[in-house]
Amino acid sequence: MIPPRRAWVLCILLFFAAALCFLDRQVLSVLAPKITEEFGMSNTVYSRVVFAFVLSYTMMLALGGRLMDTLGTRRGLALSVGFWSLASAAHAFVTGPVTLGVARFFLGAGEGPGIPGAIKGAVEWMDPKRRGFAVGLVSSGAAVGAVLAPPLTVWAAQLIGWRGAFATTAALGAIWLIAWLLAFRGLPAAATAPAAGRATSSWRALLARPEVRRLLAARFCFDPVFYFYMFWIPQYLSRERGMSLAAIGGLIWIPFVALEISNIGAGFVSDRFIALGWPRRRARLTMMLVAALMTPASFVAALAGTPAVAIALMSVLMFAHGIWITNFMTLIGDTVEPGDVATTVGMTGTCGGIAGMLSNLVIGPVVDHYSFTPVFLASAVVYPLAWLIVSGRSLFR
């Protein structure tokens, strides 16, 4: 058993791990207008580079989740962050679309186990009564990373070039790794041993459970929206709104602040519902329904008259996503045994990643031949559909 105070220290480090994970992957999207111009890349070629990341990330979500349940969060997360930091550093040496795609592939492979491991640590080390808040705190790290990415990346690129921006994030990963290893000093080995969170079910056994299959199908629906917002919004603002790199860096962080606020707040509110006597599943699904009803704002963003209004409406979508993903991840922790959390998170992530890969192959050609509007329209309808799936409800009942 980890002492409560130390558990919170580890939870904060999990928060920073999630922040670094999303900071590293966002650097390319912020620099995409500059890098695609330098390498002469079309939207279709850029979509293939994004595909390389999503492919390896998707593969390693399920495999990495099982790895976390086998090795334990302490060792597993150290390996994950160390590997992806090296891959991030490799971006500084790319010479064109092919080597950029290779670097993205290895970055995705390293980051794949990261989020399942972070969620697992929050679930197994924290008091169940604080689980929603802890998962929300860790999940909010992703938003912080996304918020910091634009200003930090633009600053580093202007100071030391875009290659130096990738080296900077790699150095931050090395600093985190040292802090992570030091945080476990003095703890008994049994407190963080993998035996305490060993996987208890096979993949087949988990897939045999209807509630797990619903989680997988729901994530297949909604994950492409987040991939789109992560990798394509700077391109949208540059090509359809005519914004410069500096202007993008000055505005693109706003939707992710909304995500950060809702990540933490949504976990706290659902925990309060449970404290008032609500069943856990009802509390999580109620919050997710509220989020789903907010997401049509995404389509309105494409029709907005000014970039500022578009950013504001994108922020509504990201606020809704924060409510949704915090309760979705916590629902996984409520549904399966602690030893299966990382595996199940990884399995759902793999389903979402497959959908993300397929959607990215479509987005590039759609944008090249039409516009971003059809993509925003699709983003507006998938969350309500995902809620019907995960709740076990049907439009035809």
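Quick look at the numbers
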read-out: Filter result (part of a helix (DSSP H, G or I), in contact (Cβ under 8 Å) with a residue 12 or more places away in the chain and within 22 Å of T295 (Cα to Cα)) within the range 359-377; value: S359, N360, I363, V367, T373, V375, F376, L377
read-out: G82 crowded, with 18+ Cβ neighbours inside 10 Å, assigned to a helix (DSSP H, G or I), in contact (Cβ under 8 Å) with a residue 60 or more places away in the chain and of a type in the set (G, A, S); value: no
read-out: Filtered residues of the range 350-374 (kept if farther than 17 Å from P210 by Cα, surrounded by 18 or more Cβ atoms within 10 Å (Cβ to Cβ) and not aliphatic (A, V, I, L, M)); value: T350, G352, G353, G356, S359, N360, G364, F372
read-out: Qualifying residue in the range 57-75 (condition: of a type in the set (S, T, Y) and either within 18 Å of N360 (Cα to Cα) or modelled with pLDDT of 90 or more (or both)); value: yes
read-out: Residues located in the range 375-392, provided they are within 19 Å of Y227 (Cα to Cα) and either crowded, with 23+ Cβ neighbours inside 10 Å or among the hydrophobic types (A, V, I, L, M, F, W, C) (or both); value: V375, F376, L377, A378, S379, A380, V381, V382, Y383, L385, A386, W387
read-out: The one condition in (1) buried (at least 19 other Cβ atoms within 10 Å of the Cβ); (2) of a type in the set (K, R); (3) within 23 Å of I12 (Cβ to Cβ) that R284 fails to fulfil; value: (3)
read-out: The one condition in (1) at pLDDT below 90; (2) within 29 Å of K34 (Cβ to Cβ); (3) in a helix (DSSP H, G or I); (4) over 17 Å from the mean Cα position of the chain (by Cα) that M243 fails to fulfil; value: (3)
read-out: Candidates W324, W278 - the one that is at pLDDT 85 or above and not in a helix (DSSP H, G or I); value: W278
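So that you can scan it fast, the table gives a plain yes or no per residue for (1) over 17 Å from D24 (Cβ atoms); (2) crowded, with 21+ Cβ neighbours inside 10 Å; (3) at pLDDT 95 or above:
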position: F106; (1), (2), (3): no, no, yes
position: I119; (1), (2), (3): yes, yes, no
position: A134; (1), (2), (3): yes, yes, no
position: G141; (1), (2), (3): no, yes, no
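The values are calculated or read from the model by the stated rules, or taken from the named source; none is laboratory data. Just so we're clear, the structure is a prediction, and the values are computed from it rather than from any experiment. No Cβ is skipped: glycine too gets one built from the backbone with ideal geometry, and neighbour counts run over all protein chains shown.
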